[in-house]
Amino acid sequence: MDQVDPLASHVLLAAEEDSSGRLEAREIFDLNLTTVNLVTLSACESGLGKVSSGDEIIGFTRSFLSAGVSGLIVSLWPVSDESTELLMSTFYKQLKTGQSTQDAMREGQLAVLHTRKFSHPFFWAPFNFIGDWRLTLNSL
């Protein structure tokens, strides 16, 4: 997350011959992602942004939603790799059973919460689902 220029915030994808793999938030605005139902950004602070003069938050969240994504999972603070793996693996297992994204996220958070070393909210609460909470694997 780039605090000075939130549209310069980026994720690193696999590099190709003609691309470094760096995808900036400003580039996402130009993509047509209307057929994409869910994007998960499980990296640290992927949901942060900068409040603009119009009270809108500029960053990955706005970029992906403006490009047409139906739902987005982002984090609001630095995350633990180990607890994130548990949360995300539980989340996707629950999606496979037909649960909605909202219910699957709750199950992922509960799995982390019920693990003694991760019971503090720092570990189970950094991720937010933004968008159509009714999404299911059938709609993904």
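The values are calculated or read from the model by the stated rules, or taken from the named source; none is laboratory data. Source: prediction; values computed, not measured. Glycine also receives a Cβ, built like all others from the backbone with ideal geometry; neighbour counts cover every protein chain displayed.
Key figures
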{"read-out": "Residue under evaluation LEU140, criteria (1) at pLDDT 95 or above; (2) of a type in the set (A, V, I, L, M, F, W, C); (3) loosely packed, with under 13 Cβ neighbours inside 10 Å, criterion not met", "value": "(1)"}
{"read-out": "Residue list for region 87-118, filter: in a loop (DSSP other than H, G, I, E, B) and surrounded by 13 or more Cβ atoms within 10 Å (Cβ to Cβ)", "value": "GLN99, SER100, THR115"}
{"read-out": "Residues within region 74-99 that are of a type in the set (A, V, I, L, M, F, W, C) and either in contact with a Pro (Cβ under 6 Å, 6 or more places away or on another chain) or without any contact (Cβ under 8 Å) to a residue 24 or more places away in the chain (or both), tallied", "value": "4"}
{"read-out": "THR61 being part of a helix (DSSP H, G or I), surrounded by 14 or more Cβ atoms within 10 Å (Cβ to Cβ), touching a residue at least 60 places away in the same chain (Cβ under 8 Å) and within 16 Å of the chain's Cα centre (by Cα)", "value": "yes"}
{"read-out": "Region 13-56: number of residues that are at pLDDT below 85 and exposed (fewer than 15 other Cβ atoms within 10 Å of the Cβ)", "value": "6"}
{"read-out": "Test result for LEU76, in contact with a Ser or Thr (Cβ under 9 Å, 6 or more places away or on another chain), surrounded by fewer than 16 Cβ atoms within 10 Å (Cβ to Cβ) and within 24 Å of LEU135 (Cβ to Cβ)", "value": "yes"}
{"read-out": "Selection within region 119-137 - under 17 Å from THR97 (Cα atoms), touching a residue at least 60 places away in the same chain (Cβ under 8 Å) and surrounded by 15 or more Cβ atoms within 10 Å (Cβ to Cβ)", "value": "LEU135"}
